[in-house]
Amino acid sequence: MKEISQVPSLTFLAKSRQIYKDPLPFHRENFQKYGNTFKISPKPGLMIHFTCDEKITQHILQKNQKNFHKSSLQTDDLGKYIGHGLLTENGEKWRANRKLIQPAFYKKSINNFMETMDVVIQEELNRIQLGAITDVYTIFNDLAFKVVARSLFDFADIDDLDNKISRLQYITEHAQKMLIKELRIPWMKWYFDREWLSGRNSVPHALALVDEARGILRTIINNRRESDKEPGDLLDMLLHSTYEDGTHMEDDQLVDEILVLFIAGHETTANALSFAAQLMAHHPGAIEKVKNEINHVKEDTLMRELMESPYLKQCVEETLRLYPPAYVTDRVALEADQCAHLKIEKDSIWLVSFYEMHRRKDLWESPEQFIPERFTPEKAKKYRDFYFPFGAGPRMCVGNNFAMMEMMLVIRRMLEQFEIKTVQGHIDYHPLITLKPRNANLIFHSTMNQ
Ligand code: HEM
């Protein structure tokens, strides 16, 4: 058995300020020093194993996935705000719900939402101010939230739907910000827990908001049940799906699953789109190639052919390689185990870095460069074992087809309507729960004036 190298606690402590701001250079430094797996003890009694090893990752997420559960960071800390849906559950409950929900995300199901998606996308892109420096994250964040919301509730009769969606967006984003504060500044817990002290910055306030969101969702579900309409949206599909024993999902569970879809589905996509737009603006040659490709796709066959626009797809795939929004994931070993001559202890915590795996020099040629051509269908096969932007195994992202379709449609519509220009030479990021863009500033000009 090989020993896993441990980063000295003093080194960790000395760098804690830098790690707090941006942990990625620290991860890289240690992978370079110790190899593809190392461990850190950030405080007594806690040991975290970091890996960007493809074999260990496959072992944890695919081959022996039954022995690895999500850690309390996802099940408890995130679960406290968004309840217990797919993202935050383990075991049998997760399996049964995944089986019920998954068909709603099959390619043939999501084709039904494509037109709604397209309407939302065009509405949101129309809000872009020409000639002004625009942080595209703000545009794509609203856009991605609305796309998930309208795919869930494509129902013209919901009273005041736009206001309800805005409120849900405000609440889910507020809850996420609160969670980040709790995780990143744990020593302020006494302050955050006392609403009379911290007011709108408090955990009880955030939890009360989430209760309000649950109320909104319950009203939407009840109204739908009472109406005789079947608009064929995601809510419809979930209401009609059954478990193996023929029963339907309880309303409280449905509310949690919808909250999970909002959280899991909007920020990741918004991040990816912001990185994609910046990468493309930095690579005008790639924009030209996409434009040549999409010019041949006619509006009446757009929905069918979009997914077959190979170069556009490659640009999205390359973006997700360089800036995987879910840049890490974690698991806990239920039992002692072993893989690739490494001992995996019972209860040990494993943090898989997709970000580092996607940039390993021994796996990728010129890994820091944006080269969409590496994902041509013939070449892409060789990356199957170490390219995991949507995770791997049975817990792989349930919304991956949805996200790919959305991102490709947004980029197509954006390039049809706008010339995009960079205002800075580099791409900045901010690793929080997801890998977020920072200062994603671009300038948009209309293609009509060209
Ligand atoms: C670019 C966009 C997206 C990326 C990069 C992404 C990435 C991921 C990853 C890596 C996981 C697995 C996490 C793990 O194994 O610990 C995951 C899970 C999940 N994603 Fe996504 N995702 C995206 C978009 C979406 C969308 C649009 C939806 C739904 C509308 C969605 C819903 C979910 C759900 C529900 C899970 C939990 C699945 C389970 O555990 O069974 N995601 N996502």
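Here is the size of the range 1-119 from its Cα atoms: Rg then Dmax, 19.3, 57 Å.
Taken about its Cα centre, the chain carries a charge dipole of roughly 1780 debye when the Cβ of each Lys and Arg holds +1 and the Cβ of each Asp and Glu holds -1.
Computed from point charges on the beta carbon alone (+1 for Lys and Arg, -1 for Asp and Glu), the dipole magnitude for the range 226-345 about its Cα centre is near 1140 Debye.
Pair-distance distribution of the chain: all C-alpha pairs, bin width 20 Å, starting at 0; shares per bin in whole percent are 23, 58, 19, 0. Scaling the Cα radius of gyration of the range 280-434 by the globular reference 2.2 N^0.38 Å produces a ratio of 1.21.
If amide hydrogens are placed 1.01 Å from N in the peptide plane, which non-local residues have theirs closer than 5 Å to the one on VAL328? So VAL328 has HN proximity to PHE354.
Comparing Cα centroids, the range 354-384 and the range 80-149 end up 26 angstrom apart. Pairs exceeding a 28 Å alpha-carbon distance, out of LYS21/LYS43; LYS181/LYS361; LYS107/LYS177; LYS108/LYS229: LYS181/LYS361; LYS107/LYS177. When TYR20, TYR327 are sorted by how many other C-beta atoms sit within 10 angstrom of their C-beta, beginning with the fewest, the order is TYR20, TYR327. Shown in residue order for the range 260-268 are the 3J(HN,Hα) couplings computed by the Karplus curve 6.51 cos²θ - 1.76 cosθ + 1.60 at θ = phi - 60°: 4, 5, 4, 5, 6, x, 9, 5, 4 Hz (x for Gly and Pro).
By the count of other C-beta atoms within 10 Å, a proxy for reagent exposure, LEU342, LEU100, LEU334 are ordered fewest to most as LEU334, LEU342, LEU100.
Taking a sphere under 11 Å around the Cβ of THR138 and counting the other residues whose Cβ falls inside, with K and R at +1 and D and E at -1, yields a net charge of -2.
Pairs of Cα atoms nearer than 8 Å and 6+ residues apart set the relative contact order; for the chain it is 24 percent. Counting lysine pairs in the range 263-356 whose alpha carbons fall under 24 angstrom apart, excluding pairs fewer than 8 residues apart on the same chain, gives 4. The residue list TRP196, THR172, ALA208 was ranked by how far each Cα lies along the charge dipole of the range 137-252 toward its positive end, using unit charges on Cβ atoms, and TRP196 comes out on top. Across the range 191-302, the volume of the C-alpha convex hull divided among the residues equals 205 Å³ per residue.
For GLU267, GLU54, the sequence from fewest to most other C-beta atoms within 10 Å is GLU54, GLU267.
FYI, it's all coordinate maths here, none of it is from the lab. As the structure is a computational prediction, the values presented were derived from the model and not from experiment. Virtual Cβ from ideal backbone geometry, glycine too; neighbours counted across all protein chains shown.
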